[in-house]
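Chemist: Can you keep this structure in mind? I'll have questions shortly.
Any read-out appearing in this document is the output of simple, stated calculations on the displayed coordinates, not a laboratory observation. Note that the structure is predicted; figures quoted are calculated from it, not measured. Quick reminder, even Gly has a Cβ in these numbers, built from the backbone with ideal geometry, and neighbours come from all protein chains shown.
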Amino acid sequence: MHAKAKSALVALSAVLLASVAGTALAADPLIGFSPAGSDAQRALEARFDANLSAADIQARHAEMASGPNQIGAPHNKANAEAVLARFKAWGWDARIETFDVLYPTPISVSLEMTAPTPFKAALNEPPVPGDKSSNQAATVLPPYVVYGADGDVTAELVYVNYGMPDDYKALGRMGVSVKGKIVIVRYGAGFRGLKPHLAYEHGAIGCVIYSEPADDGYGAGLTYPDGAWRPGAGVQRGSVVDLSVSPGDPLTPGWASVKGARRLLVSEAPTIQKIPVLPISYADAQPLLAAIGGQTAPAAWRGALPLTYRVGPGPATARLSVKSEWGTKTLYNVIAKLPGAASDQWVLRGNHRDGWVMGASDPLSGHEAMMEEAKALGGLVKGGWRPARTIVYASWDGEEAGLLGSTEWVEAHADELTRKGVIYVNSDNTGRGLLRADGSFSLQRLVNQAAAEVRDPETGVDVRTRGQAAAQVRAASSGASDPDRRIAKAVAEGGDLPISPMGSGSDYTPFNQHLGVPSVDLRYAGEEEAAGVYHSLYDTYEHFHRFGDPDASYQVALAKTAGRVIMRAADAEVLPLRFEPLAVRVEIDLADLRGLAAKTRDGDVALNTLIAAKAFALADDPKDGWVAPAAQPVGPDLDLKALEDASARLKASAGAYDAALAAAASLTPERRAKLNALLQKVEFSLTAPEGLPGRPWYRHVVSAPGLLTGYGAKTLPAVREAIEGRRWSEAQAGVATTARALDACSALLDQATALLKG
Ligand SMILES: [Zn+2]
């Protein structure tokens, strides 16, 4: 204990030293700029900061969040028009781009228990005292999820915890099947669309998803309006589309939903669920769960409701009915440009504007930070500045249903984006807390340099230093993981805060994982309390103003952070990309894959030995009806040599490029243009034209949302997911695909190095 505390202190003092170095760094040249260019850029950024106003953010934010904002809502369209008018007033070249998409809305939804005692679920969120915004029942749609199936089913209930793959394994061990049943699962542990997907695969005919108070209700904190957390009647809406197969309009996977476009039939759409799904509150879930009998649920499955959690099946029997209007709705993306003075390369920035109801935190907190950047950039233009590269800002519609607005736009402009896109900066919701950055590892240096010059509103240090301190504290805790310790060691040695790999769940996905535009998702989080009202009627401006970011100081911090990244990417003499962090991360992930393959094989051998010895039959309580797991075919040894070679080449090529760039004196404009054209292509080379196995829309070989996590990232996914699924020949093919993309990346870096060396 003492030793630990001491090493934490040593590490922390290293952080403080690093933070002194960070202050010195403020005078260092910015990545991609000459020393003189850096000074000019910092002066520009000081003028940008002076244009930012928390009061302006709050005034717009309150207005934007004053009515329901889902796809097709009149208030969402009015917001699009207001956003368009603002961009124009601030000097941007702006327009609305529309797409027509499938967007079903509920005609009727109902859930009742028919046995052992009748109960009808309320499926209604009443207004909360003191929150005027929540008092708009007439214009709010009933709680629902989008892209479940229509249906009217009656069956016994089975409780399956989070409804994720391990939960079905555990249920199988208990000898309980969901075939022909309705499952009731809690929110959390993975993307909500996986819950009905997996339930259907296991034979269920309906899926009810409830918000468990242990996770985001009274178990987590006082409930709204006393505190921030989910009240008894609060419901989490959401999309249940198979996001990890492809986002966007389910009827146009891979092409744009423009007028006259080919469309699948609803029955053909691979990402729409096959069974009816309904989200409910914990007030509605409690009588259902209390009436389920059978075995007591495993300890980890129990929540905070005052009842014994049991798995069923039955005797609780429920009737679930969902009927929707399967119509087409129009999306309104607002696209605004500041034309570049010297280059037609595009620097892109976006945040979605649509919400499930009012959407004050998700997404308008981030949206209004982005709009404040747009206002400040417009101010710089009025003062005579022109960005060197073209800046494109986007207010996306239809994100909540499955990244519709951004995906359709990217699919419509894919060729142009492939030729011109140099970076996409995303945000979504934001609030009090620490800077979080998920994205392309080549942007790590750029993001760290920007973070080192943004002051944290609460502590007064820069947000990078605060992030480093938090990383040290996390690594010193008893629950620290190996990556936590690795990160702490790196930052203690003065290294950058690593960027996390991208999963999915916001609009960066089409840019990065489909096309290959270097992308980063930025937010401040960790101290805001928004999880309890996530996707409910109670995500209001009143709630955000109390619990999200009361003085909008973190919204301003987000505008400063994202604004710096955008302005530096727009004006850098050489594109601000560094590939050593990519090479280092690939090396780490490859070592991890090697361990995963060995662990999977060893685990399967050990399991099969236990099964052969009838160990489960002997160990399990014979009165409980336990069932031994099925034997696993043991896979062959995976040959990772091609990937190891490609990883080593990437490291050498990235190192050589960095060294050549550092050694290069000044570049002639022609050579600089050639270098930038090469660098623009590098991240695109990390995509495989044939896409990932079973989901060709996802093409990035470095990271993807997990097929069985949905939001969570999987690195080197073509190999990792095949190992996890024990598809060994697919894993071997994934080694070749991934190695080929890494080699293409190395070849481009070698060309860039050769160019620098003249
Ligand atoms: Zn969002």
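Chemist: Kindly state, to the nearest 0.05, the FRET efficiency for A628 paired with R740, given R0 = 30 Å and r defined as their beta-carbon distance.
Modeler: Taking R0 as 30 Å, the efficiency between A628 and R740 is 0.10.
Chemist: Let me ask something else about it. Given N residues in the range 404-463, what is its alpha carbon radius of gyration divided by 2.2 N^0.38 Å?
Modeler: Here the Cα radius of gyration is 1.47 times the empirical estimate.
Chemist: Taking the Cβ of R564 as the center, what net charge do the other residues with Cβ under 14 Å away carry, scoring Lys and Arg +1 and Asp and Glu -1?
Modeler: +1
Chemist: Dipole size in debye (nearest 20) for the range 447-513 around its Cα centre, Lys and Arg Cβ +1, Asp and Glu Cβ -1?
Modeler: Roughly 200 debye, rounded to the nearest 20.
Chemist: Okay, next question. Suppose each label sits 7 Å from its Cα in the direction of the beta carbon; what would the L307-D604 distance come out to in nanometres?
Modeler: 4.0
Chemist: Over the range 161-215, what is the relative contact order in whole percent, taking alpha-carbon pairs under 8 Å and six or more residues apart?
Modeler: Once normalised by length, the contact order is 42 percent.
Chemist: Specify whether the C-alpha gyration tensor of the range 514-587 places it in the rounded, prolate or oblate class, a ≥ b ≥ c being the square roots of the eigenvalues: rounded for a/c under 1.5, otherwise prolate if a/b is larger than b/c and oblate if not.
Modeler: Judged from the Cα gyration tensor, the range 514-587 comes out prolate (a/c at least 1.5, a/b above b/c).
Chemist: Please get the size of the charge dipole for the chain, origin at its Cα centre, with Cβ charges of +1 on Lys and Arg and -1 on Asp and Glu, quoted in debye to the nearest 20.
Modeler: 740
Chemist: Moving on. Within the chain, what percent of beta bridges assigned by DSSP are antiparallel, to the nearest 5?
Modeler: 60
Chemist: At 7 Å along the Cα-to-beta-carbon direction for both R386 and S34, put a label point, then send me their distance in nm to one decimal.
Modeler: 2.0
Chemist: Something else about it: Would you kindly calculate the translational diffusion coefficient of the range 210-320, applying Stokes-Einstein with the Kirkwood radius from alpha carbon pairs, for 10 °C and a viscosity of 1.306 mPa s, and quote it in µm² s⁻¹ without decimals?
Modeler: So the translational diffusion coefficient is about 94 µm²/s.
Chemist: Report the Stokes-Einstein translational diffusion coefficient (µm² s⁻¹, integer) for the chain, Rh taken as the Kirkwood radius over Cα pairs, at 37 °C with viscosity 0.692 mPa s.
Modeler: Value of D from the Cα-based Kirkwood radius: 121 µm²/s.
Chemist: Return the whole-Å distance between the Cα centroid of the range 177-224 and the Cα centroid of the range 511-538.
Modeler: Answer, in whole Å: 21.
Chemist: What is the order of S729, S239, fewest Cβ neighbours within 10 Å to most?
Modeler: S729, S239
Chemist: Which value in nm describes the separation of the simple spin-label points at D93 and K614, placed 7 Å from the Cα toward the beta carbon?
Modeler: 8.0
Chemist: Something else now. Want the number for A299 to V473: 0.36 nm per residue separation, take away the alpha-carbon distance, what's left?
Modeler: 59.7 nm
Chemist: Using alpha carbon coordinates only, what is the Rg to Rh ratio of the range 690-758, with Rh defined as the Kirkwood radius?
Modeler: Ratio of gyration radius to Kirkwood radius: 1.12.
Chemist: Using the 2.2 N^0.38 Å rule of thumb for compact globular proteins, work out how the range 277-363 stacks up: its C-alpha Rg over that value, please.
Modeler: My calculation over the Cα atoms of the range 277-363 gives 1.97.
Chemist: Report the relative contact order of the range 273-366, percent, no decimals, based on alpha-carbon pairs under 8 angstrom and at least 6 residues apart.
Modeler: Worked out over the range 273-366, it gives 20 percent.
Chemist: Pairing the Cα long axis of helix 74-89 with the longest principal axis of the chain, what angle in degrees results, from 0 to 90 and rounded to the nearest 10?
Modeler: Rounded to the nearest ten degrees, it is 10.
Chemist: Using all alpha carbons of the range 64-194, what is the percent of pairwise distances in each 5 Å bin, ordered from the shortest bin to the longest?
Modeler: The percentages, shortest bin first, are 2, 7, 11, 14, 15, 14, 12, 10, 7, 4, 3, 2, 1, 0.
Chemist: In deg cm²/dmol and to the nearest 500, what is the mean residue ellipticity at 222 nm of the chain if only DSSP H runs of at least 4 residues count, each as -39500 (n - 2.57), divided by the residue total?
Modeler: -12500 deg cm²/dmol
Chemist: Would you mind giving the three semi-axes, in whole Å and largest first, of the ellipsoid equivalent to the range 333-432 according to its Cα gyration tensor?
Modeler: 24, 18, 9
Chemist: About the Cα centre of the range 80-230, what is the dipole size in debye to 20, counting +1 per Lys and Arg Cβ and -1 per Asp and Glu Cβ, all else neutral?
Modeler: Charge dipole of the range 80-230: 160 debye, to the nearest 20.
Chemist: Within the chain, what's the longest run with no GluC sites (Glu not before Pro) in a DSSP loop and at most 11 other beta-carbon atoms within 10 Å? Give the range, please.
Modeler: Counting only loop sites that pass the neighbour cut-off, the longest clear stretch is 1-492.
Chemist: A further question on this structure: To two decimal places, what compactness ratio does the range 589-634 give when its Cα radius of gyration is scaled by 2.2 N^0.38 Å?
Modeler: Here the answer is 1.49, to two decimals.
Chemist: Taking neighbour counts of Cβ atoms within 10 Å as a proxy for exposure, in what order, fewest first, do V235, V266 appear?
Modeler: Ordered by Cβ neighbours within 10 Å, fewest first: V266, V235.
Chemist: Something else about it: State whether the range 635-693 is rounded, prolate or oblate according to the following rule on the C-alpha gyration tensor (a ≥ b ≥ c being the square roots of its eigenvalues): a/c under 1.5 gives rounded; otherwise a/b larger than b/c gives prolate, and the remaining case gives oblate.
Modeler: Judged from the Cα gyration tensor, the range 635-693 comes out oblate (a/c at least 1.5, b/c at or above a/b).
Chemist: Grab every C-alpha pair in the range 606-758, bin the distances at 10 angstrom width from 0 up to the longest one, and report whole percents.
Modeler: Going from the shortest bin to the longest, the percentages are 10, 27, 23, 18, 11, 6, 4, 1, 0.
Chemist: How many angstrom lie between the Cα centre of the range 247-273 and the Cα centre of the range 312-335?
Modeler: Computed from Cα coordinates, the inter-centre distance equals 18 Å.
Chemist: Need the C-alpha centroid separation for the range 701-758 versus the range 342-418, integer Å.
Modeler: 28
Chemist: Under the √(5λ) rule applied to the eigenvalues of the Cα gyration tensor, what semi-axes describe the equivalent ellipsoid of the range 97-141? Give them in Å, descending.
Modeler: With the √(5λ) rule applied to the range 97-141, the semi-axes are 29, 22, 6 Å.
Chemist: Sequence neighbours fewer than 8 away in the same chain don't count; with that in mind, list the lysines whose C-alpha is under 20 Å from K641.
Modeler: Result set, ordered by chain and number: K599, K651.
Chemist: Okay, moving on. Which order results if D216, D484, D496 are arranged by neighbouring Cβ count within 10 Å, fewest first?
Modeler: Going from sparsest to densest Cβ surroundings: D484, D496, D216.
Chemist: Around H545, under 11 Å between beta carbons, what's the net of Lys plus Arg minus Asp minus Glu among the other residues?
Modeler: -3
Chemist: Please report the net charge: other residues with Cβ closer than 12 Å to the Cβ of D167, K and R +1, D and E -1.
Modeler: So the environment of D167 carries a net charge of +3.
Chemist: Looking at the square roots a ≥ b ≥ c of the eigenvalues of the Cα gyration tensor of the range 408-554, which shape do they give, rounded for a/c under 1.5, prolate if a/b is larger than b/c, or oblate?
Modeler: It comes out oblate by the Cα gyration axes.
Chemist: Can you list the aspartates and glutamates whose alpha carbon sits under 12 Å from that of K323, skipping same-chain ones fewer than 8 residues off?
Modeler: Hits, sequence-local ones excluded: D150, D152.
Chemist: Shifting gears a bit: With contacts defined as alpha carbon pairs under 8 Å and 6 or more residues apart, what's the relative contact order of the chain in percent?
Modeler: Relative contact order comes out at 17 percent.
Chemist: Rounded to two decimals, what ratio of Rg to Rh does the range 424-502 give with C-alpha atoms and a Kirkwood Rh?
Modeler: That ratio is 0.95, to two decimals.
Chemist: Now for a different question. Can you list, bin by bin at 5 Å, the percent of alpha carbon pairs in the range 247-297, starting at 0?
Modeler: Histogram of Cα-Cα distances, whole percents per bin: 4, 16, 15, 13, 10, 8, 9, 11, 8, 5, 2.
Chemist: A further question follows. Going down the table (K337/K382; K181/K714; K382/K674; K132/K337; K132/K195), which pairs top 25 Å between alpha carbons?
Modeler: K181/K714; K382/K674; K132/K337; K132/K195
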